[in-house]
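Working notes for the structure below.
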Amino acid sequence: MQIVDNRLPRILSWVLAGVFAVVPVWTFAAVSLGHFVGYYEVWRVLPSVVIFLVAVVAVIAALLWQRQLVKSFLRDKITLLILAFALVMLISAILGEATLRAKLAGLAMDGRFLVAFLAARWLAFSEPKLWRSFLDFAPKFLVIVGVGLSILGLIQVTWLPKEFLAMFGYSLDGVAPYVSIDHGETLRAFATMAGPNNYAN
């Protein structure tokens, strides 16, 4: 039991950190894998499924072997803020005027981030040194990824044919290979992301 108690949070931490690391380029990976291998929908939701499984296993592990940390976790200000935001999101969905299907889709899309943040926060309680090292590396990683995607975006709108991403499975029926401004010839950069809004330009 002690081996599981010691190793499981570390393994889950690395899995969750790996998911966070691939998210910036996962759309490209999912579209490409769907194009060449098939099962696009499976690839597309894979990070969300992994996040959910990590959260479930972390909860089970907490209840079985780490009960002493649960009270501290539930009293943590960041945890309480995440839970408060989840409550606001739930109340907004209940009181909103959208259809039930739209509400459930919105809760699923936004809820996966809250589940990821809660799982990460719990694992940070379980493996504080490891998560401190992750947080120390995160700014450098984000700069590298941001610069890389910016360069790809510039290449996309200045040099590559606008249909270039179509060879990797991007299509107008799914994730578009390009987006133009006001349906003109000027392209909006998004490199390998799902679109210019995800790319934040």
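The values are calculated or read from the model by the stated rules, or taken from the named source; none is laboratory data. These figures come from a predicted structure and were not determined experimentally. FYI the Cβ positions are ideal-geometry reconstructions off the backbone, even for glycines, and counts take in every protein chain you see. What goes into the accessible areas is simple: the full protein's heavy atoms, side chains included, and nothing from ligands, DNA or RNA. Shrake-Rupley method; radii C 1.70, N 1.55, O 1.52, S 1.80 Å.
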Top-ranked residue in the range 61-91 [being surrounded by 14 or more Cβ atoms within 10 Å (Cβ to Cβ) and over 21 Å from the mean Cα position of the chain (by Cα); ranked as farthest from TRP122 (Cα to Cα)] | TRP65
Just name the residue that is modelled with the lowest pLDDT out of those in the range 142-166 that are part of a loop (DSSP other than H, G, I, E, B) and open to solvent by 90 Å² or more (accessible area, probe 1.4 Å).
-> GLU163
Filtering the range 168-180 down to residues that are touching a Pro at 6+ places or on another chain (Cβ under 9 Å) and not in a loop (DSSP other than H, G, I, E, B) yields PHE168, VAL179
Does TRP14 qualify as being surrounded by fewer than 17 Cβ atoms within 10 Å (Cβ to Cβ), within 25 Å of ASP136 (Cβ to Cβ) and among the hydrophobic types (A, V, I, L, M, F, W, C)?
-> yes
Going by the conditions given, is LEU130 touching a Ser or Thr at 6+ places or on another chain (Cβ under 6 Å) and touching a residue at least 40 places away in the same chain (Cβ under 8 Å)?
-> yes
Every residue from the range 89-101 that is closer than 21 Å to PHE52 by Cα and free of Cβ contacts under 8 Å to residues at least 12 places away in the same chain = ARG101
Members of the range 7-47 found to be of a type in the set (Val, Ile, Thr) and closer than 28 Å to ALA176 by Cβ, listed by number = VAL19, VAL22, VAL23, VAL25, THR27, VAL31, VAL37, VAL42, VAL45
